[in-house]
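Read the structure below first, then the notes.
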Amino acid sequence: SPVKGSYVIRIALIDISERRRLEEAIKQSEEMFRTVADFTYAWEYWIYPDGSLIYVSPSCERITGYRSDEFVNNPGLLKDIIHPEDQLLVGNHFDSIDSDPPYEVEFRIVSATGETRWIGHNCQAVCGEDGRCLGRRVSNRDITKRKGIEEVVKQRTEELERSNNDLEQFAYVAAHDLREPLVAVAA
């Protein structure tokens, strides 16, 4: 029994090596995730059911001219940059975060510099193991160059069709003009 006025010191040793190993594994896993997510070429983001953004990849700046923190601090910016002519096409889709099946659409945005860019948008609701919606995972790719090439191909196809029609008309007229003398000679 301790003497009055004295203190008893008890030392407890706890092995925390397993906890440290798990913490290190989590840290490495998060680092690998960040590396993959932050160095993707696409503009990726995750939006919660309440409309707040929990992650926006840095590549958004290359595509939109806006930094990731600008989107995180103002989730409405996602809709604000949609080209006015494409607002109806995708506006309602942006409002239904947790109910849509996988969705793909192409639309235009207006970048921070005023440039119009084409976006290939793919998204899907993400659900937890319990079926509860955790938000939506989105991947946007800049498809401006592809859309430009498609437009050139479309214009050239239309030019070829016009040229073919003109050639058919010429062939018809030429055939008619060649047949007239033959008909006269035969008569």
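Every test in (1) modelled with pLDDT of 90 or more; (2) open to solvent by 90 Å² or more (accessible area, probe 1.4 Å) is passed by Tyr41 save one, and that test is (1).
Taking every residue in segment 50-61 that is under 16 Å from Arg136 (Cβ atoms) and pairing it with any residue that is surrounded by fewer than 15 Cβ atoms within 10 Å (Cβ to Cβ) and small (Gly, Ala, Ser), at least 6 positions away or on another chain, the pairs with Cβ-Cβ distances below 9 Å are Gly51/Gly76. Would a scan of segment 144-164 turn up a residue that is β-branched (Val, Ile, Thr), at pLDDT 90 or above and under 30 Å from Pro49 (Cβ atoms)? No, segment 144-164 has no match at all.
Restricting segment 26-69 to residues that are outside any loop (DSSP other than H, G, I, E, B) and touching a helix residue (DSSP H, G or I) at 6+ places or on another chain (Cβ under 6 Å) leaves a set whose member that is nearest to Phe94 (Cα to Cα) is Leu53. Of the residues examined, Ala25 is one that is surrounded by fewer than 11 Cβ atoms within 10 Å (Cβ to Cβ) and either small (Gly, Ala, Ser) or in contact with a Lys or Arg (Cβ under 7 Å, 6 or more places away or on another chain) (or both).
Residues are listed down the side, and each one gets a yes or a no for (1) touching a Gly at 6+ places or on another chain (Cβ under 6 Å); (2) of a type in the set (A, V, I, L, M, F, W, C):
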site	(1), (2)
Met32	no, yes
Tyr55	no, no
Ile63	no, yes
Ile82	no, yes
Val90	no, yes
His93	no, no
Ser111	yes, no
Trp118	no, yes
Arg137	no, no
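Taken residue by residue, segment 94-102 has no member that is farther than 29 Å from Glu44 by Cβ, at pLDDT below 90 and open to solvent by less than 60 Å² (accessible area, probe 1.4 Å). Screening Lys145 with (1) charged (D, E, K, R); (2) touching a Gly at 6+ places or on another chain (Cβ under 9 Å); (3) assigned to a helix (DSSP H, G or I) gives one miss only, at (2).
Scanning segment 111-126 for residues that are modelled with pLDDT of 95 or more, assigned to a strand (DSSP E or B) and either open to solvent by 50 Å² or more (accessible area, probe 1.4 Å) or of a type in the set (D, E, K, R) (or both) yields a total of 3.
Just checking, does segment 63-83 include any residue being surrounded by 12 or more Cβ atoms within 10 Å (Cβ to Cβ) and in contact (Cβ under 8 Å) with a residue 60 or more places away in the chain? Within segment 63-83, one or more residues are surrounded by 12 or more Cβ atoms within 10 Å (Cβ to Cβ) and in contact (Cβ under 8 Å) with a residue 60 or more places away in the chain.
The values are calculated or read from the model by the stated rules, or taken from the named source; none is laboratory data. Keep in mind the model is a prediction, meaning the values are calculated, not measured. Note: ideal-geometry Cβ built from the backbone for every residue, glycine included; neighbour counts use all protein chains shown. Please note that ligands, DNA and RNA were not included when accessible areas were found on the heavy atoms of the full protein model with its side chains. Shrake-Rupley method; radii C 1.70, N 1.55, O 1.52, S 1.80 Å.
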